[in-house]
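Input: a single structure, listed below in C-alpha cells.
Only the coordinates and a few stated rules stand behind these numbers; no lab work does. Just so we're clear, the structure is a prediction, and the values are computed from it rather than from any experiment. No Cβ is skipped: glycine too gets one built from the backbone with ideal geometry, and neighbour counts run over all protein chains shown.
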Amino acid sequence: MKKIASSLMPLAVLALFLTCLASLFSLLVVLMTSAGFADGVPWSYYQKLNIGVISVALPIVGMILFGVILVGLTRKPAEAGAPALIESDINLPMNEEKEERLPKAA
C-alpha cells in the first residue's frame, strides 16, 4: 500500500498546485472585471475555460488523493504486526544479569 501512496504523491501535489493557479486566475479575473479592464474579455475566457467548475473539482480530487495517501502511509503491513523473537532480544531476570556481570575472584 505504501508503493501506491508514494506513487500518488506527485498527482496530489499537482492537484494542489493547479488549485492554487485556478484560484489565482479567478482572483485576477475578478480584479480585472471590477476595474473595467479589457471590456470583459477576462470574464469571457473564464466562462469558456470552465474555471468555475475546475476550481471546485480540483480541490475535491486533491482531498481524495491526500486522503488515500494518508491512509496508505499510516497502515501497517500484516508482517509488522507480529515481530519475530530473537534470542538475544529476550531480557534475562534482574538477579541473573547481576550474577553474570560480577568479576570472579582469583
*Using a Förster distance of 30 Å, how high is the FRET efficiency between residue 70 and residue 28, based on the Cβ-Cβ distance and rounded to 0.05?*
0.40
*To the nearest 0.05, what FRET efficiency results for residue 49 and residue 13 with a Förster distance of 25 Å applied to their C-beta separation?*
0.65
